[in-house]
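Taking it in order: structure first as structure tokens, then the write-up.
The values are calculated or read from the model by the stated rules, or taken from the named source; none is laboratory data. Predicted model only: the values in this text are computed from it and were never measured. A quick note on method: Cβ atoms are made from the backbone with ideal geometry, for glycine too, and the neighbour counts reach across all protein chains shown.
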Protein chains: 2
Amino acid sequence: MKQMIAGIDIGGTKIAIALATADYEIKTKRIFPTQTSDGANRILERILDELGILIEQEQAELLKIGIACAGPLDVRQGLILSSPNLPGWFEFPIVEIIRRRMEVPVVLENDANAAALAEQKFGAGKGFNNLLYVTISTGIGGGIIADGKLIHGRTGNAGEIGHITVIPNGIRCGCGARGCLEAVCSGTGIARRFVEKIKSGADSRVIGRVQNIEQITAKHIAEAAAEGDPLAVDIWEETIFYLSIGLGNLIVMFEPEAIILGGGVSMTGEQLFRPLREQISNHVKILPAEKIQILHAGLGAESGIYGALALAGQ
Amino acid sequence: MKQMIAGIDIGGTKIAIALATADYEIKTKRIFPTQTSDGANRILERILDELGILIEQEQAELLKIGIACAGPLDVRQGLILSSPNLPGWFEFPIVEIIRRRMEVPVVLENDANAAALAEQKFGAGKGFNNLLYVTISTGIGGGIIADGKLIHGRTGNAGEIGHITVIPNGIRCGCGARGCLEAVCSGTGIARRFVEKIKSGADSRVIGRVQNIEQITAKHIAEAAAEGDPLAVDIWEETIFYLSIGLGNLIVMFEPEAIILGGGVSMTGEQLFRPLREQISNHVKILPAEKIQILHAGLGAESGIYGALALAGQ
């Protein structure tokens with residue numbers, strides 16, 4: 001019997017389960033689609049079945065299980081409160097159920113918190129005691145490590161970085177408030193601002209690259225901006241401006257050693273990072289902004305499963 | 001010999017020193033003006049002399065000293081980096097000097113962090129594990145307690161709440177950036193916005209109450225707003241709007257149990273707190289904002305010395 005830890009990464013489209021040694025070497029891993037039509041209990045049974053197969057395969061003695069899952073959660077009570085991607089998971093006591101069935105301790109964190117931990121332990125944030133992980137994709141999420149520890153807040157939902165206000169009375173966000181960072185600077189937000197301009201009559205080479213303007217993504221816009229398309233350049237610069245305000249707010253609040261950016265929009269690389277580093281220093285004058293590193297996430301799509309394992313290894 | 005702790009609160013105008021029992025009962029206290037023309041070493045000698053007198057008077061065996069001081073500091077290295085109110089205190093190693101002379105452990109925190117700790121231990125924040133202390137007076141400062149602990153950041157300057165951006169490209173702040181919460185909503189910021197309107201020709205009953213419009217303070221404006229003076233009402237409502245954006249940003253980031261407001265502007269009481277509670281929920285939709293308490297600080301001017309003692313008792 002080998003002592004091992006397990007990580008479970010529950011995403012909207014797929015679920016990953018891995019077994020690793022106590023020093024985080026992944027020995028085996030399974031990935032299967034999240035079939036949301038199955039309902040919470042069926043998905044849970046599948047998770048437990050797959051986990052059981054891996055344990056038997058590896059002849060493992062399980063020490064602990066870490067679960068990373070999209071929020072909102074109540075991590076203190078171990079509940080998935082509700083999930084847009086997992087219908088039927090309402091106040092679902094996943095920690096208690098898995099703990100009873102597997103008879104080992106189980107830890108739950110939201111996916112962005114888990115990714116922050118993973119980046120600190122295995123990725124771009126190694127060696128930092130104060131770091132912020134910000135993922136910019138369909139939405140904007142984040143995890144905060146201050147003085148070496150993840151910040152949780154009252155119910156474990158601290159770090160809702162996507163919902164700080166960057167434009168007073170700005171565009172309505174999916175959350176219901178106005179001018180949230182997510183509404184303006186997420187992949188969806190970038191595309192929406194661009195498409196609005198097109199609808200108001202602006203021209204761009206991006207139009208010829210899609211069948212329907214509703215198919216335009218932040219990637220199209222970043223590419224066209226790199227080529228000098230004026231509308232795309234405007235939208236990209238506006239994105240950098242508001243993103244630098246948002247990240248600047250995080251810096252004055254936390255004085256981190258580094259901000260680590262992940263998610264689809266961060267894949268634009270230096271086209272995002274270079275102007276962002278420059279502009280953050282316009283918004284942060286009270287602290288030496290140049291000492292704070294703005295880094296690209298090191299784990300990419302693996303951050304969920306490594307985050308879950310990092311939780312299990314704590 | 002009685003075992004005691006000491007607190008030293010170094011402010012711009014006065015310095016307070018207190019000796020207390022290990023359970024924070026203040027036994028004796030001295031307050032003297034900060035004579036800045038004397039230079040750092042002379043002030044330090046005065047602090048040590050006064051402390052020595054108190055120790056002898058109380059026949060105390062000193063266990064630990066806590067120091068609360070306006071920033072910027074480097075709390076990890078125990079330095080006062082520079083202080084607008086204490087000329088000559090440049091990278092001043094106050095912790096090391098006092099530790100050597102008094103031969104006890106010495107802890108340094110900035111005044112807002114110390115006040116946050118004091119409010120949690122003795123004031124309005126009793127029993128809360130996640131709380132934000134925000135002081136609104138000439139400037140806006142803050143201290144953050146997350147999961148039971150003060151957040152420090154890289155060099156101990158986390159919590160610069162006054163310098164989050166609430167108006168993109170807004171008015172220039174003393175720090176050099178634009179549209180900071182402090183520039184807009186501090187006592188100084190409130191008065192400045194009001195006086196600008198007067199200079200552009202607006203009328204207000206406040207004009208008849210001062211000899212010179214430069215003497216107008218936030219207090220005059222709050223009073224006139226309570227009486228229905230239209231310009232004062234406008235400026236006060238604008239203050240509430242931007243303050244609720246700033247505090248809303250803190251809430252989505254930290255998910256605290258409470259935000260505790262101190263400082264001169266908070267003395268306006270329910271005129272500030274009632275509309276603030278209402279408006280915060282317009283900006284915070286991702287979390288149940290109504291569960292987060294917005295409270296008035298309980299310690300007032302005593303927060304510095306109680307903060308210093310709380311540090312010494314840790």
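Report, by residue number, each residue of region A:124-149 that is among the aliphatic types (A, V, I, L, M) and surrounded by 24 or more Cβ atoms within 10 Å (Cβ to Cβ).
Once the filter is applied, which keeps residues that are among the aliphatic types (A, V, I, L, M) and surrounded by 24 or more Cβ atoms within 10 Å (Cβ to Cβ), region A:124-149 yields A:Leu131, A:Leu132, A:Val134, A:Ile136, A:Ile140, A:Ile144, A:Ile145, A:Ala146.
Testing B:Asn169 on (1) more than 8 Å from every other protein chain (Cβ to nearest Cβ); (2) surrounded by fewer than 16 Cβ atoms within 10 Å (Cβ to Cβ); (3) over 22 Å from B:Gly248 (Cβ atoms), one condition comes back false. Which one is that?
The one condition B:Asn169 does not meet is (3).
Residue by residue through region B:128-166, note down the ones that are farther than 19 Å from B:Gly300 by Cα and either more than 9 Å from chain A (Cβ to nearest Cβ) or of a type in the set (Phe, Trp, Tyr) (or both).
Selection gives B:Gly148 alone.
Which residues, counting only those in region B:1-39, are surrounded by 14 or more Cβ atoms within 10 Å (Cβ to Cβ), touching a Leu at 6+ places or on another chain (Cβ under 7 Å) and outside any loop (DSSP other than H, G, I, E, B)?
Hits for region B:1-39 are B:Met4, B:Ile5, B:Ala6, B:Gly7, B:Ile17, B:Ala18, B:Leu19, B:Ala20, B:Lys27, B:Thr28, B:Arg30, B:Thr36.
Condition check ((1) over 21 Å from B:Leu181 (Cα atoms); (2) part of a helix (DSSP H, G or I); (3) in the same structural domain as A:Ser200 (by TED's automatic domain parsing); (4) not acidic (Asp, Glu)) across all residues:
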{"position": "A:Val233", "(1), (2), (3), (4)": "yes, yes, yes, yes"}
{"position": "A:Ser244", "(1), (2), (3), (4)": "no, yes, yes, yes"}
{"position": "A:Leu261", "(1), (2), (3), (4)": "yes, no, yes, yes"}
{"position": "A:Phe273", "(1), (2), (3), (4)": "yes, yes, yes, yes"}
{"position": "A:Glu278", "(1), (2), (3), (4)": "yes, yes, yes, no"}
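Out of all the residues in region B:142-166, which are out of contact with any Leu (no Cβ under 9 Å at 6 or more places or on another chain) and either in contact (Cβ under 8 Å) with a residue 40 or more places away in the chain or within 14 Å of A:Ile251 (Cβ to Cβ) (or both)?
Across region B:142-166, the qualifying residues are B:Ile151, B:His152.
I'd like to verify a number: residues in region B:247-269 that are at the interface with chain A (Cβ under 7 Å from one of its Cβ atoms) and not small (Gly, Ala, Ser), how many?
Matching residues across region B:247-269 total 7.
In region B:221-231, what count of residues is obtained for those that are crowded, with 23+ Cβ neighbours inside 10 Å and either β-branched (Val, Ile, Thr) or outside any helix (DSSP H, G or I) (or both)?
Total meeting the criteria: 1.
Residue by residue, here is whether (1) touching a Phe, Trp or Tyr at 6+ places or on another chain (Cβ under 8 Å); (2) modelled with pLDDT of 95 or more; (3) surrounded by fewer than 17 Cβ atoms within 10 Å (Cβ to Cβ) holds:
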residue	(1), (2), (3)
A:Thr155	no, no, no
A:Gly162	no, yes, no
A:Gly174	no, no, no
A:Gly187	no, yes, no
A:Asp203	no, yes, yes
A:Arg209	no, yes, yes
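Yes or no, residue by residue, for (1) more than 28 Å from A:Leu63 (Cβ to Cβ); (2) away from chain B (no Cβ under 14 Å); (3) surrounded by fewer than 21 Cβ atoms within 10 Å (Cβ to Cβ); (4) at pLDDT 95 or above:
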{"site": "A:Gln271", "(1), (2), (3), (4)": "yes, yes, yes, yes"}
{"site": "A:Arg277", "(1), (2), (3), (4)": "yes, yes, yes, yes"}
{"site": "A:Ile280", "(1), (2), (3), (4)": "yes, no, no, yes"}
{"site": "A:Ile286", "(1), (2), (3), (4)": "yes, no, no, no"}
{"site": "A:Ile292", "(1), (2), (3), (4)": "yes, no, no, yes"}
{"site": "A:Gly300", "(1), (2), (3), (4)": "no, yes, yes, no"}
{"site": "A:Ala308", "(1), (2), (3), (4)": "no, yes, no, yes"}
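Looking at region B:245-288, which of its residues are among the hydroxyl-bearing types (Ser, Thr, Tyr) and closer than 25 Å to B:Asp147 by Cβ?
B:Ser281
Conditions (1) assigned to a loop (DSSP other than H, G, I, E, B); (2) of a type in the set (Val, Ile, Thr), marked per residue:
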position: B:Leu132; (1), (2): no, no
position: B:Thr135; (1), (2): no, yes
position: B:Gly142; (1), (2): no, no
position: B:Gly153; (1), (2): yes, no
position: B:Gly156; (1), (2): yes, no
position: B:Asn169; (1), (2): yes, no
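Applying the selection to region A:179-206, what residues are of a type in the set (A, V, I, L, M) and under 16 Å from the mean Cα position of the chain (by Cα)?
Across region A:179-206, the qualifying residues are A:Leu181, A:Ala183.
Could you please give the count of residues in region B:183-216 that are among the polar types (S, T, N, Q), free of Cβ contacts under 8 Å to residues at least 40 places away in the same chain and in a loop (DSSP other than H, G, I, E, B)?
Within region B:183-216, residues that are among the polar types (S, T, N, Q), free of Cβ contacts under 8 Å to residues at least 40 places away in the same chain and in a loop (DSSP other than H, G, I, E, B) number 4.
Quick check: anything in region A:235-246 farther than 30 Å from B:His152 by Cβ, within 14 Å of another protein chain (Cβ to nearest Cβ) and buried (at least 18 other Cβ atoms within 10 Å of the Cβ)?
Among the residues of region A:235-246, at least one is farther than 30 Å from B:His152 by Cβ, within 14 Å of another protein chain (Cβ to nearest Cβ) and buried (at least 18 other Cβ atoms within 10 Å of the Cβ), which makes the answer yes.
Tell me, yes or no, whether region A:152-174 has at least one residue that is under 20 Å from the mean Cα position of the chain (by Cα), closer than 14 Å to A:Cys69 by Cβ and of a type in the set (Asp, Glu).
no
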